[in-house]
Amino acid sequence: MKHARKPGFATRAIHAGQEPDPLTGAVSVPIYPTSTYVQQGIGEHKGYEYSRVTNPTRTRLEENLASLEGGVTSRVFGSGMAAINAIASMLKAGDHVVCGNDLYGGTPRLFNNVWVNFGLEFSYIDTTDPRNVERAIRRNTRLVYIETPTNPLMALSDIAAIAAICHKKKLELVVDNTFMSPYFQQPIALGADMVIHSTTKFLNGHSDGLGGVVVCSKPEQAEKLAFLQKAAGAILSPFECWLILRGVKTLAARMQIHDRNGRIVADFLASHKRVKKVFYPGLKDHPQHELAQRQMSGFGSMITFETGSLKNANKMLKAVRICSLGESLGGVETLISHPATMTHAALGEKGRKEIGITDGLVRISVGIEDVDDLLEDLDQALNAI
Ligand code: P1T
């Protein structure tokens, strides 16, 4: 982009890495469905040798996402879990990771059932108080890994305060920014060392493809991750890369509507007689509402609420008509889910109880439909309880 000053977020979402195709002028980044590239002679090529290593569509997406998160570059993977797996692969046996205790259920499943077998150690703590992070750091700690807001309890951690602790102890901070997207929260600007996303969610935004990204603040991280892409191969296909490039073009516009609808739905739920409690950082009674205002530029559209019991949750979830019952989030359509039996089933009953995920908890990813239709649907579904 030829600009004297750094272009704004919405402009970068549409243009960063998405320059018109040099061959044809096509405004949409071409999909390069190729496994290999013809070379002119031994070691003579146009920068591309084999698509596990690099692919032009993927390069464009990696540039785009790095620009949105304020990183130096990024590396994309076949799913959010593959991106998190790549982070763990950067460590070695004997290393210790301090993790938030409320994470997407797949993350502790990966750490506890795969990586502990290779000698990595993990502690799970309440990172809403940064002092707990300081206390949990050991001699062999290499990384602090948090989600903020958390999935599904919507708890916030202070990124800048935790980053300061990490840097004092020469550790890296990794933030899963999936729930906010870079539109509402940019952890690298707050001091985080790497940011991960399940691009499956708000970045893609249309519930039509999986993907994951690690955004790096230092070239050495990107080099290590590029090596992992080449060595382990969990890369994202050119078509999937293109879907995200296409989705990201409307990220700013979508997030504004998600946020507007999210606030309205949260207020509605908070005043509904069948709802016992609402977890949403935009509500004044959220324990980290003040931090949310400081650290994020919006509250987003992820809301969790308590219906009282498994039976109540099931009655409600069976009754929805516009909201779709299913795992995942961040799509244009409103998705509603039951953490205890879906995203957090792998934690087991004891694990869920420890952090407060009850059987009556319902999570909603508010979409960009007409909000009155959503309120009407939620009202009739809640009244089925
Ligand atoms: O599904 P995948 O693209 O592999 O991403 C994993 C992942 C990582 N981080 C967060 C915060 C997530 O929420 C997820 C996936 N989450 C769901 C499928 C869900 O319904 O919560």
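Residues that are away from the ligand (no atom under 13 Å from the Cβ) and under 18 Å from Asn85 (Cβ atoms) within the range 176-207 comprise Asp193, Met194, listed in sequence order.
Output the number of residues of the range 1-42 satisfying the condition of being part of a loop (DSSP other than H, G, I, E, B), in contact (Cβ under 8 Å) with a residue 24 or more places away in the chain and not polar (S, T, N, Q). So the answer is 7. Checking each residue in the range 36-50 for being surrounded by 10 or more Cβ atoms within 10 Å (Cβ to Cβ) and out of contact with any Pro (no Cβ under 8 Å at 6 or more places or on another chain) picks out Thr36, Tyr37, Gln39, His45, Lys46, Glu49, Tyr50. Within the range 138-185, if we keep just the residues that are assigned to a loop (DSSP other than H, G, I, E, B) and among the basic types (Lys, Arg), the residue that is surrounded by the most Cβ atoms within 10 Å (Cβ to Cβ) turns out to be Lys169. The set of residues from the range 88-127 being in contact with a strand residue (DSSP E or B) (Cβ under 6 Å, 6 or more places away or on another chain), of a type in the set (A, V, I, L, M, F, W, C) and within 15 Å of the ligand (Cβ to nearest atom) comprises Cys99, Leu103, Phe111. Of Thr150, Thr57, all but one fail to be assigned by TED's automatic domain parsing to the domain that holds Pro219 and away from the ligand (no atom under 16 Å from the Cβ); the exception is Thr57. Screening Lys284, Lys311, Lys276 for residues that are among the basic types (Lys, Arg), surrounded by fewer than 20 Cβ atoms within 10 Å (Cβ to Cβ) and in contact (Cβ under 8 Å) with a residue 40 or more places away in the chain leaves exactly one candidate, Lys276. The residue that is nearest to His258 (Cα to Cα), among those in the range 343-369 that are more than 16 Å from the ligand (Cβ to nearest atom) and assigned to a loop (DSSP other than H, G, I, E, B), is Ile368. Is the range 145-161 home to any residue that is more than 18 Å from the chain's Cα centre (by Cα) and under 26 Å from Phe299 (Cβ atoms)? Looking for residues that are more than 18 Å from the chain's Cα centre (by Cα) and under 26 Å from Phe299 (Cβ atoms), one finds at least one in the range 145-161, hence yes. If only residues of the range 71-87 that are surrounded by fewer than 23 Cβ atoms within 10 Å (Cβ to Cβ) and under 20 Å from Phe9 (Cα atoms) are counted, the one that is nearest to the ligand (Cβ to nearest atom) is Thr73. Looking only at the range 186-201, residues that are part of a helix (DSSP H, G or I) and of a type in the set (A, V, I, L, M) come to 3 in all. Against the conditions (1) free of Cβ contacts under 8 Å to residues at least 40 places away in the same chain; (2) part of a loop (DSSP other than H, G, I, E, B); (3) of a type in the set (Asp, Glu), Asp102 satisfies every one except (1).
Checking Val97 against (1) touching a Leu at 6+ places or on another chain (Cβ under 6 Å); (2) in contact (Cβ under 8 Å) with a residue 60 or more places away in the chain; (3) of a type outside the set (Asp, Glu), which test does it fail? Of the numbered conditions (1) touching a Leu at 6+ places or on another chain (Cβ under 6 Å); (2) in contact (Cβ under 8 Å) with a residue 60 or more places away in the chain; (3) of a type outside the set (Asp, Glu), the odd one out for Val97 is (2).
Each row is one residue, and each column tells you yes or no for (1) more than 16 Å from Phe77 (Cα to Cα); (2) β-branched (Val, Ile, Thr); (3) in contact (Cβ under 8 Å) with a residue 12 or more places away in the chain; (4) surrounded by fewer than 22 Cβ atoms within 10 Å (Cβ to Cβ).
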position: Met194; (1), (2), (3), (4): no, no, yes, no
position: Ser207; (1), (2), (3), (4): yes, no, yes, yes
position: Val215; (1), (2), (3), (4): no, yes, yes, no
position: Ala222; (1), (2), (3), (4): no, no, yes, yes
position: Ala231; (1), (2), (3), (4): no, no, no, yes
position: Phe268; (1), (2), (3), (4): yes, no, yes, yes
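Every residue, every condition in (1) assigned by TED's automatic domain parsing to the domain that holds Ile357; (2) modelled with pLDDT of 95 or more; (3) not β-branched (Val, Ile, Thr), yes or no:
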{"position": "Gly205", "(1), (2), (3)": "no, yes, yes"}
{"position": "Asp208", "(1), (2), (3)": "no, yes, yes"}
{"position": "Val214", "(1), (2), (3)": "no, yes, no"}
{"position": "Ile257", "(1), (2), (3)": "yes, yes, no"}
{"position": "Phe268", "(1), (2), (3)": "yes, yes, yes"}
{"position": "Arg274", "(1), (2), (3)": "yes, yes, yes"}
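The values are calculated or read from the model by the stated rules, or taken from the named source; none is laboratory data. Computed from a predicted model, the values in this text were never measured in an experiment. As a convention, Cβ positions derive from the backbone with ideal geometry for all residues, glycine included, and neighbour counts pool all protein chains shown.
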